[in-house]
């Protein structure tokens, strides 16, 4: 696996890289994480057993979108793909390695400013995402919608309740899903924020700080 990934890194960066050490690191419930290095460079790598979901491909897409906003620092996507001729095949995502530092209160304030800048970008004309992606191991329903209230009520509240119902967690005695969706739509109908790019899983474990002093998600 590491030989295959090393070759992909070398092709992408146009600089030879040969993994000499791979150290497992903690973090993530749906994948394994490593710091890999040779004598001069290091990368952060996520891996998971390949299946049709290709969750790491969706993560790479999201990171690229956040990076393209140019208002908040995120790890650079070096490459991602699927190993060949191995059993099982492994999906991998290689990111730039960021050395984190202990943040100060001012650093958190700066993170808030950068998030506000991200949310204030008015670069979209509809709500949602072009296709479904994932929240953890679960499918997150998307698609584009002209109304934020419609999107949130149908694609977030309704879709999640339907999945719960399909697994038996949500019973019909808990409430009628269509009625709950309509109630949510009505409650949110007067709120029409401009479409903005959001980090879908923003919590303390997904925010870090480096010497540049920027929040890294």
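The values are calculated or read from the model by the stated rules, or taken from the named source; none is laboratory data. Since this is a predicted model, take the numbers as computed values, not measurements. Here Cβ is always computed from backbone atoms with ideal geometry, including for glycine, and neighbour counts include all displayed protein chains.
Descriptive notes on the structure:
- A single entry from 119, 131, 114 fulfils the requirement of being touching a strand residue (DSSP E or B) at 6+ places or on another chain (Cβ under 7 Å) and not in a strand (DSSP E or B): 114.
- Which numbered condition residue 109 fails, given (1) surrounded by 13 or more Cβ atoms within 10 Å (Cβ to Cβ); (2) modelled with pLDDT of 90 or more; (3) within 25 Å of the chain's Cα centre (by Cα): (1)
- Remark: residue 37 falls outside the filter, which requires a residue to be within 15 Å of the chain's Cα centre (by Cα) and at pLDDT 95 or above.
- Qualifying positions in the stretch 166-201 - part of a loop (DSSP other than H, G, I, E, B), free of Cβ contacts under 8 Å to residues at least 24 places away in the same chain and surrounded by 14 or more Cβ atoms within 10 Å (Cβ to Cβ): 170
- Selected residue (criterion: surrounded by the most Cβ atoms within 10 Å (Cβ to Cβ)) from residues of the stretch 12-58 that are in contact (Cβ under 8 Å) with a residue 60 or more places away in the chain and in a helix (DSSP H, G or I): 55
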